[in-house]
1. Is it the case that some residue within region B:439-446 is buried (at least 20 other Cβ atoms within 10 Å of the Cβ) and either in contact with an Asp or Glu (Cβ under 8 Å, 6 or more places away or on another chain) or not charged (D, E, K, R) (or both)?
2. Among helices (runs of 4 or more DSSP H) lying entirely in region B:154-237, which contain 3 or more residues that are without any contact (Cβ under 8 Å) to a residue 40 or more places away in the chain, of a type outside the set (K, R) and surrounded by fewer than 19 Cβ atoms within 10 Å (Cβ to Cβ)?
3. Can you pull out every residue in region B:227-282 that is in contact with a Gly (Cβ under 8 Å, 6 or more places away or on another chain) and β-branched (V, I, T)?
4. In region B:539-581, how many residues are in a helix (DSSP H, G or I) and in contact with a strand residue (DSSP E or B) (Cβ under 7 Å, 6 or more places away or on another chain)?
5. Hey, could you check region B:264-294 for residues that are closer than 17 Å to B:R409 by Cβ and of a type in the set (K, R) and say which is nearest to the other protein chains (Cβ to nearest Cβ)?
6. Show the residue pairs that are 6+ apart or on different chains and have beta-carbon atoms under 6 Å apart, the first residue being within region A:159-181 and within 10 Å of A:T209 (Cβ to Cβ) and facing chain B (nearest Cβ under 9 Å), the second being β-branched (V, I, T) and assigned to a helix (DSSP H, G or I).
7. How about region B:589-609: which of its residues are at pLDDT 95 or above and over 11 Å from B:A578 (Cα atoms)?
8. Among the candidates B:E416, B:E455, B:E434, single out the residue that is within 36 Å of the chain's Cα centre (by Cα) and among the acidic types (D, E).
Amino acid sequence: MMSHSSARNYLLLLTSVALLSGCGLSKNSVLLKLSSLVGGGPSGPGEGMIIPAPPSSESVVSVAHFKQTYPSMLALTGQTAIPACDDVYSQVQGNLAKVGAVNEISATQMGATMSLSACVCDGLIKKEKLLSGPSRIFFSDINFTAGAMNSSTVLLDRSFQRLVETFTAAPADANDRSDASALLSTMALTGSLTVARTEKALLALCAGTLASAAAQMQ
Amino acid sequence: MALFFACAGLACGIVAPSTVAEAGLTGRYYFSSGTNRLATFRAKQIDPNVNFFFGTTGPAALPGRSANFGVVWQGYLVPSQAGTYRLGTCTDDGVRVFLDGEALIDRFQDQGLTLWQSREVALTAGKKYKIRMEFYQGGGPSGAHLLWTTSGSFPWNDGMPCVKADGQTDQQFESQLTSLAIPSSVLQDDGDSLENLQASCEMPRTMLRPEQAPSLSHPNTKSALQLFRRLAGYSTSHLDSRILAMKLLIDQGKPKEAARIASEDPSFLDVTVRQMAAKISTRDQVPTAPLNDFIATYVGITRDRIDARKLLTGSFLYRMNRDVRWTDDSIYGLSATVSSNRHYQEIENSRIPLKCSLDKVPSLSAIPSTFRQKVRDKDAGLRDHPEPAGVLSSRAFAEAHLVAGTNRRAVEKAFEHFLCAPIDEWRDANAPDERVGRDVTRFPSGGNNLQYQTECKSCHGGMDALRGAFAHWNYDADRGFMKYAPYFNRTTGNNEGENSIRKDHEAAWGSVNVVTKMNHNIDHVDFGFTVRDNSFINYSNERANRDRFGFTSNLSGKGVAEFGRMIANSAAFPRCQAMKVFQEICKKDPKSSPATTEWLNEVGDIWARNGYDMRDLFETIATQCMQEAQ
């Protein structure tokens with residue numbers, strides 16, 4: 001387990017691999033009341049169980065281990081099993097964290113996480129590409145037949161924000177968006193964003209965000 | 001119910017099972033990993049029949065794989081004509097064939113192309129028989145053929161190579177095998193039985209459109225996400241229909257009901273509960289321990305909401321549901337759990353979640369009844385467990401703590417795992433030492449008396465008095481099974497570890513049916529305690545230990561079952577479970593502060609009063625952590 005700050009460092013490190021970030025750990029406000037914890041429902045075995053509030057203690061996070069990473073990626077993207085990614089998972093499983101300890105973070109572990117997230121995102125893009133724009137969840141604004149930079153920056157940014165928000169349950173902050181914008185600019189400068197390469201840009205945006213989100217467990 | 005409101009109008013259905021059978025058997029292809037021949041599922045297809053000359057290229061379903069693979073063909077045999085048949089296999093390498101669950105051929109071993117034949121079986125025309133063939137290939141050329149004959153014999157003798165005869169061409173040989181292969185016309189696939197079982201185990205869920213999903217700016221949405229992650233063990237998004245349902249319940253002040261949605265996810269048992277059990281199931285205490293009878297029973301008790309005290313007192317264990325594997329107990333069932341962990345390995349290979357792959361078996365059965373018995377499938381001589389005590393009498397616990405040694409470790413670990421009391425915390429220098437064994441050096445037989453009085457005695461005084469509970473038990477690491485001394489002949493001078501002290505000492509000390517190691521080094525301290533039976537006395541209920549443990553039942557007894565009952569009924573047992581769940585779910589140290597420990601004690605006490613429902617404990621503590629995080 002590790003503290004928030006070290007988790008953030010890990011995430012930054014991980015996202016630097018993918019040129020992305022967007023995995024802030026946010027604190028929520030208190031809404032639940034103690035009274036809400038009374039009883040286990042009409043048929044629950046915990047009926048009548050009154051538990052007092054726990055004392056506060058330091059929050060910590062741990063890294064997702066191999067049994068958590070892939071299911072998280074699938075669930076976050078709303079997909080069930082993807083045969084091609086099952087294969088990737090079989091190949092990289094041994095390099096993912098085994099127990100979720102902080103000392104398991106390594107270049108190999110991060111590479112394995114990225115391989116898996118790239119595969120899952122590839123599946124997501126292929127799935128959404130088959131749908132009409134309005135039917136898509138993540139990439140409703142994207143014209144897959146045009147180069148990425150032919151979609152306006154605003155539209156790309158909107159897709160990126162949707163990815164970050166869905167995967168991390170938090171809005172992308174200015175730094176995240178700046179990083180994404182820089183990534184796209186770099187790709188454009190190096191000629192990567194030709195008309196046929198829209199998917200590559202989306203894949204980079206998606207895979208980095210997803211890897212960061214799925215690798216953290218709190 | 002209200003919680004399904006979120007699914008209203010959405011596609012929350014379960015995958016419908018396939019109803020149209022195809023001619024042929026369902027072939028599921030795996031990569032092997034060491035001796036786990038069916039380790040990683042790779043491909044599935046309908047094969048018209050099993051008549052494969054794989055040679056050195058391997059199956060088409062596994063391109064590029066000619067070695068270290070396995071295949072399971074499964075489906076139905078529907079004979080068109082009644083008669084007496086004999087089934088046969090010609091394979092390189094190993095093979096097993098089951099008909100309606102019965103193992104007709106069991107030769108899962110490295111071999112060249114070899115014929116194995118079954119006994120004769122009477123089959124009825126038009127009747128559907130479940131048929132399953134398991135095959136693996138290690139290295140070299142391979143082939144797999146499932147044959148039958150009504151003539152009573154095959155062209156090759158049982159156990160002999162099924163190769164071409166002198167003067168026979170390759171083509172003639174292949175034609176011969178093909179003519180004997182069970183034809184596709186009498187075979188039907190298994191109707192995606194495994195996949196359907198898998199699908200039926202999944203929770204209904206769907207991906208909402210963003211405009212349907214709960215707002216991420218609402219704190220209860222984040223609470224629902226965190227609650228799900230803590231219990232199910234993986235992350236999902238607010239677009240998951242279950243998160244909407246959970247959020248609505250939290251809105252209504254019903255977080256426990258919200259938690260129940262998350263704990264319905266198969267991953268709750270497969271990841272969260274399993275990991276917690278795995279940590280205490282083996283000697284290494286790692287969360288990645290392979291599935292075993294200890295873990296399966298722990299998970300099963302949680303799944304079925306059984307009183308958690310049965311963890312230490314139950315006369316049952318959990319094993320593979322027969323729907324997962326179309327076989328009887330002889331190969332993968334109860335008797336197979338006696339001498340290896342392969343039964344549980346097979347559950348993992350099946351990829352069916354534990355939620356749907358475990359059955360409760362009514363009695364802890366299956367321990368070998370004779371000395372040096374080679375425990376094999378279908379072996380006679382297995383008896384019901386004489387002292388069932390939940391996981392304490394599991395094979396995994398025995399392998400971890402009853403192997404070699406003097407059985408003190410079993411006591412130490414039972415206290416550590418189920419009362420959260422490492423020996424350093426409950427050692428008591430004032431405990432009586434009348435039951436300290438003869439192997440503990442002390443004055444006047446030697447050693448340092450001061451050291452004995454101040455160090456050794458404090459641990460051994462309490463622990464040795466309790467270890468008598470395990471006096472009948474040993475674990476044979478070489479053969480891989482538990483031994484119950486009363487079932488074994490007494491030894492005469494050797495140190496095999498079974499039944500009693502050496503026979504030449506028996507008259508002098510009168511120990512009968514006690515494993516030799518209990519009186520290890522019996523000549524060492526001749527005034528030390530001799531274990532003569534499986535009685536135990538609990539001296540660890542005095543002074544600080546009285547508050548620590550709060551034992552409520554008898555402080556003495558006989559055997560593991562009574563020992564387990566004593567622990568399970570203590571005040572410390574539920575408190576300890578609360579600590580363990582807190583650590584697993586909330587990712588925090590339960591002893592980080594006195595306030596946290598005190599709080600967990602209270603949670604444990606309340607949990608005990610409410611019936612020791614382990615799943616409920618997970619759900620309760622997860623909701624508490626969710627609250628704290630806000």
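The values are calculated or read from the model by the stated rules, or taken from the named source; none is laboratory data. What you see is a predicted model, and the numbers here were worked out from it, not measured in a lab. Note that we place each Cβ from the backbone using ideal geometry, even for glycine, and neighbour counts take in every protein chain shown.
1. Restricting attention to region B:439-446, the residues satisfying the condition of being buried (at least 20 other Cβ atoms within 10 Å of the Cβ) are B:440, B:442.
With the extra rule that they be either in contact with an Asp or Glu (Cβ under 8 Å, 6 or more places away or on another chain) or not charged (D, E, K, R) (or both), the set shrinks to B:440.
Yes, because at least one residue in region B:439-446 is buried (at least 20 other Cβ atoms within 10 Å of the Cβ) and either in contact with an Asp or Glu (Cβ under 8 Å, 6 or more places away or on another chain) or not charged (D, E, K, R) (or both).
2. The qualifying helices (runs of 4 or more DSSP H) are B:170-180.
3. B:V271, B:T272
4. Total satisfying the criteria: 5.
5. Checked region B:264-294; the qualifying residue nearest to the other protein chains (Cβ to nearest Cβ) is B:K279.
6. Close Cβ pairs (under 6 Å, with a partner that is β-branched (V, I, T) and assigned to a helix (DSSP H, G or I)) amount to A:F167/A:T209.
7. Answer for region B:589-609, where residues must be at pLDDT 95 or above and over 11 Å from B:A578 (Cα atoms): just B:R609.
8. Working: B:E455 fails: within 36 Å of the chain's Cα centre (by Cα); B:E434 fails: within 36 Å of the chain's Cα centre (by Cα).
It is B:E416.
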